[in-house]
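Read through the structure below, which is laid out as structure tokens, and then see the notes.
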Amino acid sequence: MKVTVDQHKCVSSGMCVMNAPDVFDQRDDDGVVVLLIDNPRPSLTDVTREAAAACPALAIHIEE
């Protein structure tokens, strides 16, 4: 799994961080998504998919 984010599309909802805090974080100044791990270990793949699905801006992209 390869994860990328489009920070320009991010609307700072925090849904990604709520679903996968080991994979995503938010910048303190504006709340825009920060990718912590671009290749999550197998134990994080389900929550990473849930975070991508919960993103209202569709800013998270997953390649298998």
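The values are calculated or read from the model by the stated rules, or taken from the named source; none is laboratory data. These figures come from a predicted structure and were not determined experimentally. Here Cβ is always computed from backbone atoms with ideal geometry, including for glycine, and neighbour counts include all displayed protein chains. Heavy atoms of the whole protein, side chains included, go into the accessibility calculation; ligands, DNA and RNA do not. Shrake-Rupley method; radii C 1.70, N 1.55, O 1.52, S 1.80 Å.
At what distance in nm do the modelled label points of GLU63 and ARG27 sit from each other, each positioned 7 Å from its Cα along Cα→Cβ?
Using points 7 Å along Cα→Cβ, the separation is 2.4 nm.
What net charge do the residues around THR4 carry, taking every other residue with its C-beta under 9 Å from that of THR4, with Lys and Arg at +1 and Asp and Glu at -1?
Charge balance in the 9 Å sphere: -2.
Using only alpha carbon pairs under 8 Å that are at least six residues apart, calculate the relative contact order of the chain and give it in whole percent.
Averaging sequence separation for qualifying contacts and normalising by length gives 46 percent for the chain.
Per residue, how large is the accessible surface of the chain? Use a 1.4 angstrom probe and give square angstrom.
Heavy-atom SASA per residue in the chain reads 60 Å².
Roughly speaking, to the nearest percent, how much of the chain's 1.4 Å accessible area is carbon and sulfur?
Carbon and sulfur atoms account for 50 percent of the accessible area of the chain.
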